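Worksheet for the structure shown next.
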Amino acid sequence: MGMRCVPLFALADTSPIAVHTPSGALRGEQAGGAMMFRGVPFAEPPVGPLRFRPPVKVKPWTGERDATRYGASPMQSGEIGMEHSEDCLYMNIWTPVAAPGTRAAFPVYVWIHGGGFTGGHAFESMYEGAELVKEGVICISVAYRLGVFGFLNLEPLLGAEYAGSANNALRDLIAALEWIQENIASFGGDPSRVTIGGESAGAKLTDILMGVPSAQKLFHQAISESGGAERVWARAQSESVAHGFAEEWHSVTGKDPSTVLDAPADMLIRAQKQFIAAWPQHFPLRCQIDGKLISLRPVESIAAGSSRGKRLIVGTNRDESALFIGPHPQKDPVAGDLGNLQANEFSAVYQKYREIYPQMNDEQRRIRADTAEEYWIPSTRVADAHVKGGGIAWMYRLDFSETNGFLKGYAFHSLDENAAAEAILARQMNQAWIAFLRGETPSAQGMPAWPEYNSATRPTMVFDTQNHVDQKPQEAELRLWDGVL
């Protein structure tokens, strides 16, 4: 129900294929009606003197570059049996067989992976974009620096030349989009029809990009699945995080902050892990308002017209937070797994949930409130801002729930990425997404008409075993968050 790209190493009867781009020649593989180019560089490796620096445009190469292997996964903790490296700025391109040498015509979908800004990579097997390729859509998955390498403000520790370093991951994505604008026609892609999209952190980065004025010429529409544009620090918060990391760095290494420039990458990951565990708020590593790339909170920029004229699909799953805090929590049901607020701020809102949802038990109310705080309210704010700023949006909510197991009955976070969830529903959502990627109104056979979003009635397509459109869904709950998020 999101982007799904079948890795071609899993397909039989591959054969070599070459394409010539302005950056240089690439040798990929052809199989199953699609061509795959893996590990395509879009920026110079951000290592050595380029560590913690903005990405540098990749230099054109000579000869034919091997594009049959994925690049390394970005540096992160928790992954076993996988190569990790700071040298991670690569993309993977799935394209229809007939693309090279033809007139640029295919729409392009650029997928930004999730992972909480600290994990994930661009080659998950669940991204089965081969289905989109069959429909004449080029699919691209992009990598970006994670954790302290992409989301830590080092200016307070290393000086003005590192200003805005908390936005380096965002700059990585912009560099990838610039490469696509310059090179995608060589694959048969249409640079005037580029859609960016993602799920979870990938959706949040998509929404933040909508609020970056300098990025608007690089894409034309967006798909946000379980996102929001709120994960951006003000300068003071970003500086506080920097000093907090410096303290943890000294605790781990006994050294001053300047040593991060030459320290082993795994030592930085070790300090990052301890820092995140000790920090009093979730997701301390995030983008920042730096006065250059990001001058306003992204929702303010969007409302002011930064994404004017663009089209947007935006939505969430009904019970996102069930995945993280479980249906039978041992932890405080009020604090939960908050993404944006302090526990006391959240508690003031959560106390009112019993009034509007008396039929729910405590765990259901807790999951609903946490979901609103982290995903639903931020996504609604993006939709409202986008329409106010002159954009067009379609809002959805996934209500289809797990049918067995620990999370039975919940439409939890990432369920929309499960291709086996429900075949008919998956097919309908894919058809609607494909129509959107082509520039049409999102629609599918057997699905009711999906009206454009407006802030007055908030029409929302509810995806379930029986799809339907709700007007003003969860209105009483929405009002609880006025002035809070």
> Does segment 244-252 include one or more residues that are within 17 Å of PHE117 (Cβ to Cβ), assigned to a helix (DSSP H, G or I) and of a type in the set (Phe, Trp, Tyr)?
Replying inline: yes
> Only one residue in GLU374, GLU355 is among the acidic types (Asp, Glu), modelled with pLDDT of 90 or more and touching a Ser or Thr at 6+ places or on another chain (Cβ under 7 Å), so which one is that?
Replying inline: GLU374
> Would a scan of segment 446-460 turn up a residue that is touching a Lys or Arg at 6+ places or on another chain (Cβ under 7 Å), modelled with pLDDT of 95 or more and within 24 Å of SER321 (Cβ to Cβ)?
Replying inline: yes
> So which helices (runs of 4 or more DSSP H) are wholly in segment 337-454 and hold at least 3 residues that are more than 30 Å from PRO107 (Cβ to Cβ) and among the small types (Gly, Ala, Ser)?
Replying inline: 343-350
>> If ALA423 satisfies all but one of (1) surrounded by fewer than 16 Cβ atoms within 10 Å (Cβ to Cβ); (2) out of contact with any strand residue (DSSP E or B) (no Cβ under 9 Å at 6 or more places or on another chain); (3) touching a residue at least 40 places away in the same chain (Cβ under 8 Å), what's the number of the condition it fails?
In response: (3)
> What pairs come up if the first residue lies in segment 152-171 and is free of Cβ contacts under 8 Å to residues at least 40 places away in the same chain, the second is in a loop (DSSP other than H, G, I, E, B), and their beta carbons are under 9 Å apart, counting only those six or more places apart or on different chains?
Replying inline: GLU161/ARG53
> What do you reckon, is SER414 out of contact with any Phe, Trp or Tyr (no Cβ under 8 Å at 6 or more places or on another chain) and of a type in the set (Ser, Thr, Tyr)?
Replying inline: yes
> Under the condition of being free of Cβ contacts under 8 Å to residues at least 60 places away in the same chain and assigned to a loop (DSSP other than H, G, I, E, B), which residue from segment 465-485 is surrounded by the most Cβ atoms within 10 Å (Cβ to Cβ)?
Replying inline: ASN467
>> Is it the case, given these coordinates, that GLY202 is surrounded by 24 or more Cβ atoms within 10 Å (Cβ to Cβ) and on the phi > 0 side of the Ramachandran plot?
In response: no
> Among (1) among the charged types (D, E, K, R); (2) buried (at least 16 other Cβ atoms within 10 Å of the Cβ); (3) outside any helix (DSSP H, G or I), which single condition is ARG270 missing?
Replying inline: (3)
> Since GLY39 meets every condition but one in (1) surrounded by fewer than 20 Cβ atoms within 10 Å (Cβ to Cβ); (2) not in a loop (DSSP other than H, G, I, E, B), which condition does it not meet?
Replying inline: (1)
>> For segment 63-84, which positions are of a type in the set (D, E, K, R) and assigned to a loop (DSSP other than H, G, I, E, B)?
In response: ARG69, GLU79, GLU83
>> crowded, with 23+ Cβ neighbours inside 10 Å, touching a His at 6+ places or on another chain (Cβ under 9 Å) and modelled with pLDDT of 90 or more: is that true of GLU320 in this structure?
In response: yes
>> Condition first: at pLDDT below 90 and aromatic (Phe, Trp, Tyr). Now tell me which residues in segment 1-47 satisfy that.
In response: PHE9
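The values are calculated or read from the model by the stated rules, or taken from the named source; none is laboratory data. This is a predicted model, so every value here is computed, not measured. Cβ sites come from the backbone with ideal geometry, for glycine too, and all protein chains shown count toward neighbours.
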